[in-house]
Amino acid sequence: MAVAVATFMASGCSSSNSGGAAPTVASAGAGSTTASTAAASTTSSPPSAATSPRTTTASTVPATTALATTSPATTTTIAARDVPANPSAGCSAAPAAPGERTVAFTGAGEAGSYIVHVPAARPAGSAVDAPWPLVLDLHGYSEPIAVQILQSGLAAYGESAGFVTVAPGVDRPVPLWHPSVGSDDTKFIAALLDQLEATVCVDENRIFVAGLSHGAFMTSILACDLSDRIAAVAPVAGIQAPDDCAPNRPVPVVAFHGTADTFVPYTGGLGASVSSLPTPDGTGTLGSITPTSDLSAGSPSVPERATTWAVRNGCSATPATEKVASDVDLLRFDCPSGDEVLLYRIDGGGHSWPGSAFSKQIAAIVGKTTSSIDATAIMWAFFQDHPLRP
């Protein structure tokens, strides 16, 4: 039992994740049979503004003591719109066909697949041969790729906003990631980026990652391991900040988390709902190998994890709190330009994707989904402001 619990907790509850390929499970996906059969319309249009007007107050969040607190540096940063495109090798190949298709893929010795969505046309004002921004959309624990596409709505949003979306997965009895620094799944994603850059006309200065739950765990790890390739990240319901994370550059982060999440609680640890999830081999439930009483031990809270990222990026350790909506606050750290860290706190929000019509339909599983903000629209606006700068 002790070994099972230790392996389970190493996934995302601890602030320190060891490298390697051992499966580490600690999150939830909405990809159960109930969720998979729920129908939803996720098409949305890019808004002119991602959030409502805000007022600012002070808020204190404990800093991670292992990291030194630094004041924001005064730098001259090139504006996002002035960062030139960096066309990938795929821009010299035949254009990728528009639409959505599933592609089998083996990378770094792992077999898997991905669903790629290429918009029918570039946005107005863009050159017809301009390289596409790329967003990776990572599924949650026990959540099929197709369900994540419905849940996030990123592919539908990218059709009108003008970016390619790729939702990958590794073939396993239960869909999950190995979210530890230097893991086999990091190598899989790195190999996938190699393939995409070779076969799709991608802007290598505008590659972004978003993920839900266990996918948010993996999103956090990719920010650690692939910081020279990934411009910015957006973890939803699962931001992590492992102690052994050593990015080569500050990675901008916009995170979202509900205060009533029963899978990955805002206050830290794992929630009782994790017990109902399947074991990695699909033969039982996590509750059968891990006592519920062990789930909440030894893990930083969500705001503490965001603070760790902020300090790592050279930001202040204490954010200001801006009221975005009656049930949403934005914790904004004072950061060097281009290295921002933001945390959207959804009061009473569950283990869900804010603004997702699909998430609302599975409230019995994931809890409340706010309609006050659209996480997909917000993260895309954030991504546009945070390309990989030279």
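The values are calculated or read from the model by the stated rules, or taken from the named source; none is laboratory data. Keep in mind that what you see is a predicted model, and the values were worked out from it rather than measured. FYI the Cβ positions are ideal-geometry reconstructions off the backbone, even for glycines, and counts take in every protein chain you see.
Here is a check on your reading of the model: is THR219 touching a Gly at 6+ places or on another chain (Cβ under 7 Å), over 21 Å from ALA363 (Cβ atoms) and of a type in the set (Ser, Thr, Tyr)?
yes
Are there any pairs, at least 6 apart or on different chains, whose C-beta atoms fall under 9 Å, with the first in segment 258-278 and under 22 Å from SER356 (Cα atoms) and free of Cβ contacts under 8 Å to residues at least 24 places away in the same chain and the second surrounded by 17 or more Cβ atoms within 10 Å (Cβ to Cβ) and not acidic (Asp, Glu), and if so, which?
none
Residues are listed down the side, and each one gets a yes or a no for (1) within 13 Å of the chain's Cα centre (by Cα); (2) within 25 Å of TRP132 (Cα to Cα):
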{"residue": "GLY338", "(1), (2)": "no, yes"}
{"residue": "SER352", "(1), (2)": "yes, no"}
{"residue": "ILE362", "(1), (2)": "no, no"}
{"residue": "ILE373", "(1), (2)": "no, no"}
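From (1) more than 24 Å from ALA260 (Cβ to Cβ); (2) out of contact with any strand residue (DSSP E or B) (no Cβ under 8 Å at 6 or more places or on another chain), pick out the condition that doesn't hold for HIS386.
Single failed check for HIS386: (2).
Restricting to segment 214-239, count the residues that are farther than 13 Å from PHE256 by Cβ and over 8 Å from the mean Cα position of the chain (by Cα).
Residues in segment 214-239 being farther than 13 Å from PHE256 by Cβ and over 8 Å from the mean Cα position of the chain (by Cα): 13 in total.
Which residues, counting only those in segment 358-368, are in a helix (DSSP H, G or I) and among the charged types (D, E, K, R)?
Result: LYS360, single match.
So that you can scan it fast, the table gives a plain yes or no per residue for (1) in contact with a His (Cβ under 6 Å, 6 or more places away or on another chain); (2) surrounded by fewer than 21 Cβ atoms within 10 Å (Cβ to Cβ); (3) farther than 26 Å from ARG206 by Cα; (4) not basic (Lys, Arg):
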| site | (1), (2), (3), (4) |
| --- | --- |
| THR308 | no, no, no, yes |
| CYS315 | no, no, no, yes |
| PRO319 | no, no, yes, yes |
| GLU322 | no, yes, yes, yes |
| ASP327 | no, yes, yes, yes |
| GLU340 | no, no, no, yes |
| PRO354 | no, no, no, yes |
| ALA357 | no, yes, yes, yes |
| THR369 | no, no, yes, yes |
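Given the criteria crowded, with 24+ Cβ neighbours inside 10 Å, over 21 Å from LEU270 (Cβ atoms), over 16 Å from the mean Cα position of the chain (by Cα) and not charged (D, E, K, R), does VAL202 qualify?
Yes: the conditions hold for VAL202.
I'd like to verify a number: residues in segment 342-352 that are of a type outside the set (Val, Ile, Thr), in a strand (DSSP E or B) and buried (at least 24 other Cβ atoms within 10 Å of the Cβ), how many?
Qualifying residue count for the region: 2.
Being touching a residue at least 24 places away in the same chain (Cβ under 8 Å), in contact with a helix residue (DSSP H, G or I) (Cβ under 7 Å, 6 or more places away or on another chain) and surrounded by fewer than 18 Cβ atoms within 10 Å (Cβ to Cβ) narrows it down to one of ILE362, ILE289, so name that one.
None of the other options fit; the residue is ILE289.
What are the residues in segment 227-241 that are of a type outside the set (Val, Ile, Thr), under 24 Å from SER299 (Cβ atoms) and in contact (Cβ under 8 Å) with a residue 40 or more places away in the chain, if any?
Selection gives ALA234, ALA237, GLY238, GLN240, ALA241.
Can GLY355 be described as assigned to a loop (DSSP other than H, G, I, E, B), under 25 Å from LEU136 (Cβ atoms), at pLDDT 95 or above and touching a Lys or Arg at 6+ places or on another chain (Cβ under 6 Å)?
no
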